[in-house]
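**Q** Have a look at this one before I ask anything.
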Amino acid sequence: MATDSIPTASTATRGFGGYARKVAAIIGKDITTELRTKEMISAMFVFSLLIIFIFNFAFDLRAENVQTLAPGVLWVAIAFAGMLGLSRSFILERDRGVLDGLLLAPVDRSAIYLGKMIGNVLFISLVEIVILPFFIILFNQPSGTLPLLAGVVFLGSLAFASVGTLFSAMAVHTRAREVLLPIMLFPVIIPAMLAAVRLTSAILDNVPFDEVSQWLALLVAFDVIFIAASFMLFEFVVEE
Amino acid sequence: MGDTVYLAAAYGVFWLVSFIFIYSLVGRQRSLQKDVELLEQLAQDEARPE
Amino acid sequence: MASKAVLSQQEKSTASAASGLSWGAVLTVTSGILMLAALYMALIWAPDATNLTAPAERYAQRIFYFHVGSAWLGFLAFIVAAVASILYLVTRRDKWDIWALSSVEIGLAFFTTVIISGSIWAKPTWNVWWTWDPRLTISTICWLLYVGYLMLRGAIDNPDRQARFGAVYALLAGFSVPLNWMAIRWWRTIHPAVIAPGNNADESMGSFGMSANIQTTLLFCVIAFTVFYITLMYHRINLEQLQRRVDTLKQRLLYR
């Protein structure tokens with residue numbers, strides 16, 4: 001890998017292809033690190049399962065109320081587990097000096113953001129898509145909804161990771177560290193959460209798409225706006 | 001009395017919060033003033049021996 | 001006021017010396033008079049709303065003037081903060097960071113009164129302290145967003161990083177406010193049954209006709225609050241500038 005990157009550096013620094021390769025390299029680095037320990041993925045997975053279980057007891061879910069509460073439970077689980085993953089996202093980088101290395105590398109700052117963000121989306125949506133079958137079984141939901149649910153989970157994770165990656169990079173430079181991340185992130189992503197919950201309940205209740213199309217538009221708009229904004233603002237966060 | 005209690009409470013809260021905010025500004029101003037005096041003292045003490 | 005003397009000593013750059021009369025004093029006196037006049041108009045001069053019959057509701061309607069005034073001040077403060085944040089990121093001048101921080105602090109103070117007075121008004125009008133009314137909800141989310149801003153700044157030691165992170169956060173928070181607004185409105189209109197008291201009529205319940213004098217009072221309140229905001233900003237900005245100068249001086253003198 002190292003021998004490969006040196007000769008290509010001169011040719012690949014320019015153009016879209018070079019940029020994409022850099023982003024891919026950062027994603028690859030994160031995946032490799034994660035696959036070695038599987039710390040984050042397993043923690044997020046177990047944590048979301050636990051949340052689903054705890055809600056089941058706390059709300060005493062029965063057939064008559066499960067339909068109204070299930071989407072909320074799913075998204076609280078995703079939000080909390082995603083928070084767990086995001087808060088780890090830059091701590092390793094900072095503690096082991098990886099971030100300094102990345103910043104010294106001849107890479108556009110926004111490429112670092114995109115790489116980290118896509119990595120986070122992959123981890124979060126992967127974990128949650130594995131959780132979905134459990135959710136469907138435990139809450140006795142129709143299994144045919146799985147592909148659509150996976151789509152909504154992906155869009156929701158994208159919203160979550162878009163601004164979450166940026167805030168996570170900010171939070172590691174504060175004294176409070178991961179304590180601050182949920183306080184910053186949750187109020188900002190409320191619109192995306194509302195949209196995701198609405199879409200999820202529409203899918204589970206088999207509501208015609210027309211009635212919830214505005215929520216899909218809102219979720220997509222949120223993704224686009226916040227990815228673009230975070231993409232542009234990231235360089236202000238890591239400049240040092 | 002019973003009818004105006006909400007009105008009184010709402011305006012009371014407004015003025016209370018406003019005054020707490022202004023008071024906090026004054027408090028910060030005072031502590032800054034102390035710092036300025038301390039700094040002046042320090043500057044004078046340093047100037048004297050020369 | 002002794003504190004003002006320090007200010008005018010320190011702030012040679014401000015226009016105060018030229019006219020002999022400090023801008024701060026003029027603003028303070030003007031906004032004091034305006035706020036008292038607004039109070040008089042809201043409590044005494046404005047007529048009762050004609051269609052509200054219950055006395056408690058009729059009195060509570062007068063909360064509306066200062067409630068709307070505070071909300072206006074709060075939103076103005078947050079807009080100024082967002083603009084100042086953009087200007088800071090573009091120009092990197094300390095001035096804009098001071099503006100953003102001062103504005104957020106003031107906005108937060110007044111949003112606190114908006115939420116509390118809204119809640120107090122809701123009790124006699126809707127007979128509950130809290131409903132998940134879109135406006136109340138969005139105000140609370142705004143409040144939480146900007147509490148996050150101050151907490152973020154508070155957790156950072158490096159002043160330059162404080163300014164940069166604060167500006168980035170304020171911008172993203174600013175983007176999320178309109179989206180929050182849309183989402184919360186849709187949430188309510190699609191699912192009115194979520195809220196127990198007063199379903200569809202909830203929005204119109206407690207509404208009242210706006211006679212000419214009520215409108216005049218409201219307009220006057222908005223103007224008075226705007227002047228009040230400018231006054232508070234003036235003092236808060238001066239304070240922050242002084243604070244930063246003292247901090248630099250301290251570092252220069254004590255840690256040589």
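The values are calculated or read from the model by the stated rules, or taken from the named source; none is laboratory data. Given the structure is predicted, the values throughout are model-derived calculations rather than measurements. Because the Cβ atoms are built from the backbone with ideal geometry, glycine has one as well, and the counts that use them run over all protein chains shown. Accessible surface areas use protein heavy atoms only, side chains included; no ligands, DNA or RNA. Shrake-Rupley method; radii C 1.70, N 1.55, O 1.52, S 1.80 Å.
**Q** Could you tell me which residue of segment A:58-99 is surrounded by the fewest Cβ atoms within 10 Å (Cβ to Cβ), considering only residues that are among the aromatic types (Phe, Trp, Tyr) and in a loop (DSSP other than H, G, I, E, B)? Quick ask: steps written out before the conclusion?
**A** As a first pass, look at segment A:58-99 and keep what is among the aromatic types (Phe, Trp, Tyr): A:59, A:75, A:80, A:90.
Imposing the further condition that a residue be in a loop (DSSP other than H, G, I, E, B) reduces the set to A:59, A:90.
Details: A:Phe59: 14, A:Phe90: 25.
That would be A:Phe59.
**Q** List pairs: first in segment A:140-161 and more than 11 Å from A:Gly82 (Cβ to Cβ), second polar (S, T, N, Q), Cβ under 7 Å, 6+ apart or cross-chain?
**A** Pairs that qualify, where the first residue is more than 11 Å from A:Gly82 (Cβ to Cβ) and the partner is polar (S, T, N, Q), are A:Leu149/A:Thr200; A:Val152/A:Thr200; A:Phe154/A:Ser125.
**Q** Something else about it: Check off (1) over 22 Å from the mean Cα position of the chain (by Cα); (2) among the polar types (S, T, N, Q); (3) open to solvent by less than 20 Å² (accessible area, probe 1.4 Å) for A:Ser230 and give me the number that stays unchecked.
**A** Every listed condition holds for A:Ser230 apart from (1).
**Q** Within segment A:177-189, take every residue that is surrounded by 21 or more Cβ atoms within 10 Å (Cβ to Cβ) and within 15 Å of the chain's Cα centre (by Cα) and give me the one that is nearest to the other protein chains (Cβ to nearest Cβ).
**A** Once the filter is applied, the top-ranked residue is A:Val188.
**Q** I'd like to verify a number: residues in segment A:20-38 that are open to solvent by 50 Å² or more (accessible area, probe 1.4 Å) and more than 16 Å from the chain's Cα centre (by Cα), how many? Before the answer, list the steps.
**A** To start, the set of residues in segment A:20-38 that are open to solvent by 50 Å² or more (accessible area, probe 1.4 Å) comprises A:21, A:24-25, A:29, A:31-33, A:35-38.
Now restrict to residues that are more than 16 Å from the chain's Cα centre (by Cα): A:21, A:24-25, A:29, A:32-33, A:35-38.
Selection size over segment A:20-38: 10.
**Q** Here's a check for you: in segment B:1-45, which residue that is of a type in the set (S, T, N, Q) and more than 7 Å from every other protein chain (Cβ to nearest Cβ) is nearest to C:His235 (Cα to Cα)? Break it down into steps so the answer makes sense when it comes.
**A** Going residue by residue through segment B:1-45, those that are of a type in the set (S, T, N, Q) are B:4, B:18, B:24, B:29, B:31, B:33, B:41, B:44.
With more than 7 Å from every other protein chain (Cβ to nearest Cβ) added as a condition, the list becomes B:18, B:24, B:31, B:41, B:44.
Working: B:Ser18: 14, B:Ser24: 12, B:Ser31: 15, B:Gln41: 26, B:Gln44: 29 Å.
Residue satisfying both the conditions and the ranking: B:Ser24.
**Q** Now for a separate question. Quick one: what pairs do we get from segment C:221-238, first residue of a type in the set (Gly, Ala, Ser), second open to solvent by 10 Å² or more (accessible area, probe 1.4 Å), C-beta under 7 Å, 6+ apart or different chains?
**A** From residues that are of a type in the set (Gly, Ala, Ser), the pairs are C:Ala224/C:Leu34; C:Ala224/C:Ala37.
Let's see how each residue does on (1) within 22 Å of C:Leu242 (Cβ to Cβ); (2) at pLDDT below 80:
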position: C:Lys12; (1), (2): yes, yes
position: C:Ile44; (1), (2): no, yes
position: C:Asp48; (1), (2): no, yes
position: C:Ala54; (1), (2): no, yes
position: C:Arg62; (1), (2): no, no
position: C:Ala100; (1), (2): yes, no
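**Q** Quick test of your reading of the structure: A:Leu158 fulfils all but one of (1) assigned to a helix (DSSP H, G or I); (2) open to solvent by 10 Å² or more (accessible area, probe 1.4 Å); (3) facing chain C (nearest Cβ under 9 Å). Name the failing condition by number.
**A** Unmet for A:Leu158, out of (1) assigned to a helix (DSSP H, G or I); (2) open to solvent by 10 Å² or more (accessible area, probe 1.4 Å); (3) facing chain C (nearest Cβ under 9 Å): (3).
**Q** Another question about this same structure. Could you list all residues from segment A:101-150 that are of a type in the set (Gly, Ala, Ser) and part of a loop (DSSP other than H, G, I, E, B)?
**A** Initially, segment A:101-150 is screened for residues of a type in the set (Gly, Ala, Ser), giving A:101, A:105, A:110-111, A:115, A:119, A:125, A:143-144, A:150.
Within segment A:101-150, A:Ala105 is the sole residue that qualifies.
**Q** Hey, another quick one. Considering only residues that are under 12 Å from A:Leu148 (Cα atoms) and either in contact with an Asp or Glu (Cβ under 6 Å, 6 or more places away or on another chain) or part of a helix (DSSP H, G or I) (or both), look in segment A:199-215 and name the one that is most open to solvent (accessible area, probe 1.4 Å). Show your work before the answer.
**A** Applying the first criterion (under 12 Å from A:Leu148 (Cα atoms)) to segment A:199-215 yields A:199-204, A:206, A:209.
Keeping just the survivors that are either in contact with an Asp or Glu (Cβ under 6 Å, 6 or more places away or on another chain) or part of a helix (DSSP H, G or I) (or both) gives A:199-204, A:209.
On the way: A:Leu199: 10, A:Thr200: 1, A:Ser201: 23, A:Ala202: 8, A:Ile203: 29, A:Leu204: 13, A:Phe209: 116 Å².
Within segment A:199-215, the match that is most open to solvent (accessible area, probe 1.4 Å) is A:Phe209.
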